[in-house]
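First up is the structure itself, then whatever we jot down about it.
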Amino acid sequence: MENSHVHVMRPAPAGPAPAGPVAAGPTAVAHSPNAWIAPAIVTAAAVILSCAALTIVLFALMGPGSCDAQAACSWGTRATRNIVWSAARAIPYVTPAGLFVTWVLPWRSRWTAARRRAAAFALLPHAVIAADLLPLPIFSD
């Protein structure tokens, strides 16, 4: 047992010194100082956009008076409303999952891209609602 750590404490090799820093053993990976920015921004944006999106969706689903259960709506209006309603129903599932992933990923520089992708995924239903409400006035009756 006395020689169990001999492999860690090797003597320096004879000859010229190697160029650059030499690791003497396992090194700790530093935390990224900006790792909290993406989760914080997407959390604040998700709270604000979720309230706004659900309010807009509810008003958009009320629709004009000529598009009720008895009257026929145009195809564009029905398709747009179906997509908006589906995206609104996805908000309670997709957004918390994306937020959870952004906060739980390790706060190392290596995970920055994955954290940004998860943040974008968390706001995906909101983006679908915003993009799909643009043609609603065009296709409405």
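The values are calculated or read from the model by the stated rules, or taken from the named source; none is laboratory data. Because the structure is a prediction, the values reported are computed rather than measured. So basically every Cβ, Gly included, is an ideal-geometry build from the backbone, and we count neighbours across all protein chains shown. What goes into the accessible areas is simple: the full protein's heavy atoms, side chains included, and nothing from ligands, DNA or RNA. Shrake-Rupley method; radii C 1.70, N 1.55, O 1.52, S 1.80 Å.
Annotation: LEU124 carries an accessible surface of approximately 90 Å², with a 1.4 Å probe and no ligand, DNA or RNA atoms counted.
Look at the dipole of the stretch 78-141 built from charges on Cβ: of THR112, ALA87, ALA131, the Cα furthest out on the positive end belongs to THR112.
Annotation: amide H of ARG108 within the under-5 Å range of SER32, sequence separation 5 or more or interchain, hydrogens built in the peptide plane. Here the 3J(HN,Hα) profile of the stretch 95-105, calculated from phi with Karplus coefficients 6.51, -1.76 and 1.60 at θ = phi - 60°, is 5, x, 5, x, 5, 4, 5, 5, 7, 8, 4 Hz, Gly and Pro shown as x.
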